[in-house]
Amino acid sequence: MNVAFIGCVETSHAAFKQLLKHHVEGKIKLVALITKSKSVFNSDYASLAELALELGIETTFFINDTDYEKALLDKHIDILFCIGWSHIIPSKILHHVKKAAIGFHPAKLPSNRGRHPLIWALALGLTETASSFFLMEENVDSGALVDQETIEIFDTDYARDLYNKVLLVIPQQISKIVKGYHDNSIEPQPQVETGSNYWRKRSAIDGAIDWRMHANDIYNLIRALSSPYPGATFLKGGEIYTVTCATHHNEMVALNFEPGKILSTTRTKVHVKCSGTSSLWLENIDGSKFITGEYI
């Protein structure tokens with residue numbers, strides 16, 4: 001089977017590396033790679049070009065939609081994988097593929113289609129997500145499911161922890177899909193539209209901490225936006241602070257303390273009142289810049 005690949009982030013790298021193994025074993029033939037030489041948009045950017053170069057796989061660095069046609073339309077392509085890509089693939093390209101154009105979304109489709117799935121899953125306090133491969137069509141993330149693996153989310157998981165869980169299951173799924181199409185045993189399952197939803201694009205304001213929120217919600221926001229993402233932020237004295245780690249304060253604090261009040265500090269931590277009787281310890285913060293009794 002002739003296989004083409006599109007992608008430029010860490011999930012792309014995990015999938016492409018597994019496909020290269022099958023390429024070397026002779027199970028597939030990788031005939032084209034479309035990727036990026038760099039990205040200011042993707043904080044989880046990963047270079048695929050070096051992997052392709054080692055095996056002489058034709059590589060196109062994406063600039064605009066004409067690159068799809070230049071790289072793919074003159075080739076016989078049985079399967080196209082598009083993983084970790086923030087651009088819509090033209091329908092002309094999808095129709096050119098003989099067997100399957102397969103997309104990827106780290107959410108439990110048909111729920112939670114759309115933007116920033118790992119961030120929203122953590123920010124909203126979900127207890128599970130999934131690694132989903134599906135047939136690409138003109139509507140985003142809505143095609144029939146080719147393979148899906150559920151991933152449990154623990155309340156101690158930060159963005160990198162959840163991301164790594166996804167990276168672990170992707171190679172297994174890639175191998176299962178390659179074998180399934182080789183054996184003609186794949187039976188894509190149409191997504192049920194009832195109850196489906198689309199997550200919106202995250203904006204900068206979504207990362208701003210509001211101390212009137214409950215400590216649980218602020219904690220979820222902090223872990224959602226931690227590495228490889230830009231971090232949750234708050235403003236104090238005209239300076240923007242970034243928070244990438246926090247811990248719960250398990251004891252209730254006084255109800256009549258206002259949200260944002262600094263309850264105590266250490267050299268590397270700041271204890272802040274949130275809504276109700278909840279509070280949070282902000283980790284890896286220069287405590288010398290904060291004074292107990294003042295407000296954030």
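The values are calculated or read from the model by the stated rules, or taken from the named source; none is laboratory data. From a predicted model like this one, the values you see are computed outputs, not experimental measurements. Counting neighbours? That spans all protein chains shown, and the Cβs are built from the backbone with ideal geometry, glycine included.
A search for C-beta distances below 7 Å between a residue of the stretch 254-282 that is within 14 Å of ASN216 (Cα to Cα) and any residue that is acidic (Asp, Glu), counting only pairs 6+ apart in sequence or on different chains, returns LYS273/GLU258.
Within the stretch 9-21, identify whether any single residue is part of a loop (DSSP other than H, G, I, E, B) and at pLDDT 95 or above, and answer yes or no. For the stretch 9-21, residues part of a loop (DSSP other than H, G, I, E, B) and at pLDDT 95 or above: absent.
Candidates in the stretch 278-296 are the residues that are part of a loop (DSSP other than H, G, I, E, B) and among the hydrophobic types (A, V, I, L, M, F, W, C); of these, the one that is nearest to THR242 (Cα to Cα) is ILE285. All of (1) in contact (Cβ under 8 Å) with a residue 40 or more places away in the chain; (2) in a loop (DSSP other than H, G, I, E, B); (3) surrounded by fewer than 20 Cβ atoms within 10 Å (Cβ to Cβ) hold for GLU187 with one exception: (1).
Restricting GLU58, GLU50 to residues that are surrounded by fewer than 22 Cβ atoms within 10 Å (Cβ to Cβ), assigned by TED's automatic domain parsing to the domain that holds LYS70 and under 24 Å from LYS98 (Cα atoms) narrows the list to GLU58. Tell me, yes or no, whether the stretch 200-216 has at least one residue that is in contact (Cβ under 8 Å) with a residue 24 or more places away in the chain and of a type in the set (Ser, Thr, Tyr). The answer is no; no qualifying residue exists. Count of the stretch 63-104 residues, restricted to those that are touching a Ser or Thr at 6+ places or on another chain (Cβ under 7 Å) and at negative phi, is 5.
With respect to the conditions (1) touching a His at 6+ places or on another chain (Cβ under 6 Å); (2) free of Cβ contacts under 8 Å to residues at least 60 places away in the same chain, ASN2 falls short on a single one, namely (2).
Only one entry in SER226, SER196, SER175 is of a type in the set (Gly, Ala, Ser), in contact (Cβ under 8 Å) with a residue 12 or more places away in the chain, out of contact with any strand residue (DSSP E or B) (no Cβ under 6 Å at 6 or more places or on another chain) and part of a helix (DSSP H, G or I), namely SER175.
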